[in-house]
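Asker: Take a look at this one; I'll ask things after.
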Amino acid sequence: MSALEKIIDIEAELARTQKNKATMSHIMSLKAKLAKYKRDLLDLNASAGGGGGGDGFEVKKTGDARVGLVGFPSVGKSTLLSVMTDTFSEVAAYEFTTLTCIPGVIRHRGAKIQLLDLPGIVEGAKDGRGRGRQVIATARTCTMLLIVLDAVKSMNHKPIIEKELEGFGIRLNQRPPAVTFRRKEKGGVSLSQTFKGEPKYLDQQVAKAILAEYRITNADVILHEDISGEQLIDVIEGNRVYMPCVYVLNKLDAISIEELEILDQCPHYCPISAHLKWNLDGLLDKIWEYLNLVRVYTKPKGVVPDYEAPVILSGYDQPTIERFILKIHKSLLTDFKHALVWGTSVKHNPQVCGKDHILHDEDVVQIIKKL
């Protein structure tokens, strides 16, 4: 039996199994098996040349962030790329117009953002239908995703696309679980927690059932928050990608005001019309918000700050002075004495700070070298 057939059988058994406290260990054991077979399927596909990359998909990562356009065929991804970046991407009234990955560049608030127009994906892409694996594998390399939805069909397409991305190890608008997992030589499985109250989703029996599927009989699992069994599986697998995502509701002109008001209550949404160029500024602001980029301005001694060319850091990765220096040139760290900082990250302007100081957006920094 192939890995794909095993995956289908396990998914069918999961659908048949009632969810309650008594069956939770069995369900989590099945989900751990499912994760392993999916990983084996991806590894097999990659070794056979069917993974990420390939002709038309090897696009060099440039700029301060990479944003991928993902969605079904004919939802307006190519039109959106063309109007936002002045990059031509063929647009036509038939499906699968875009067959390769087409890059463009957005310059916004001093940052250079690479935008990728990816070919349309279809249901079953994660299992190899069409060029779905290449598309989703390229999506994994992005800093953020824009899932482009047809306003009329958005509620039908959204869960399908989420399932395809999730099957490839992409976790949308989530952060890595706060859990410490350590293998050990003996002592069995130990489950402990650092937060108050009883865990709602994970107990000793469920944790043991999951670890048993990975043939792990001795390990320490320390929960720093209440996590689910699926999240523990993600931690053990170790190959998950966590990234922000905005659902771009395109073809806004095709729905009524009442329908828009209903959709507007959904989280992470941004309604636009790429063809009519409606609310593109709102989408840019949303992209900036979700990328969480930090602009830091340099100030050489005796010179006014350079407000035209900020150094761009990621707000998700502790934007410290050390990261700021490394972005300029790593040799500066050798002679670093301290930094003078102006902005909202300090109490006094300027303030002397060390390399571990965390910078805020639009801070000004002057590096002082050792004599």
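The values are calculated or read from the model by the stated rules, or taken from the named source; none is laboratory data. Please read these numbers as outputs of a predicted model, since none were measured by experiment. A quick note on method: Cβ atoms are made from the backbone with ideal geometry, for glycine too, and the neighbour counts reach across all protein chains shown.
Asker: Within the range 331-341, is there a residue that is at positive phi and in a loop (DSSP other than H, G, I, E, B)?
Answerer: Within the range 331-341, none of the residues are at positive phi and in a loop (DSSP other than H, G, I, E, B).
Asker: While we're on this one: With the condition kept exactly as written, say whether any residue in the range 268-283 is of a type in the set (K, R) and in contact (Cβ under 8 Å) with a residue 60 or more places away in the chain.
Answerer: Yes.
Asker: If we only count helices (runs of 4 or more DSSP H) wholly inside the range 1-113, which ones have 2 or more residues that are modelled with pLDDT under 90 and out of contact with any strand residue (DSSP E or B) (no Cβ under 7 Å at 6 or more places or on another chain)? Spell out how you get there, then give the answer.
Answerer: On the way: elements: 3-16, 24-47, 77-85.
Those helices (runs of 4 or more DSSP H) span 3-16, 24-47.
Asker: Also, quick follow-up: Can you tell me which residue within the range 203-245, out of those that are within 14 Å of I27 (Cβ to Cβ) and either outside any helix (DSSP H, G or I) or not assigned by TED's automatic domain parsing to the domain that holds A32 (or both), is farthest from the chain's Cα centre (by Cα)?
Answerer: Looking at the filtered set, the residue picked out is D203.
Asker: Could you go through the range 264-281 and let me know if any residue there is surrounded by 15 or more Cβ atoms within 10 Å (Cβ to Cβ), outside any strand (DSSP E or B) and in contact with a His (Cβ under 7 Å, 6 or more places away or on another chain).
Answerer: Within the range 264-281, not a single residue is surrounded by 15 or more Cβ atoms within 10 Å (Cβ to Cβ), outside any strand (DSSP E or B) and in contact with a His (Cβ under 7 Å, 6 or more places away or on another chain).
Asker: If you don't mind, there's one more thing I want to ask. Are any residues in the range 277-323 among the β-branched types (V, I, T) and out of contact with any helix residue (DSSP H, G or I) (no Cβ under 6 Å at 6 or more places or on another chain), and if so, which ones?
Answerer: Once the filter is applied, which keeps residues that are among the β-branched types (V, I, T) and out of contact with any helix residue (DSSP H, G or I) (no Cβ under 6 Å at 6 or more places or on another chain), the range 277-323 yields I287, V294, T298, V303, V304, I312, T320, I321.
Asker: Can you name the residue in the range 282-307 that is within 27 Å of L80 (Cα to Cα) and of a type in the set (D, E, K, R) and, of all such residues, is surrounded by the fewest Cβ atoms within 10 Å (Cβ to Cβ)?
Answerer: E289
Asker: Still on this structure, I have one more. For the range 289-300, does any single residue satisfy the condition of being aliphatic (A, V, I, L, M), under 30 Å from S256 (Cα atoms) and touching a residue at least 12 places away in the same chain (Cβ under 8 Å)?
Answerer: no
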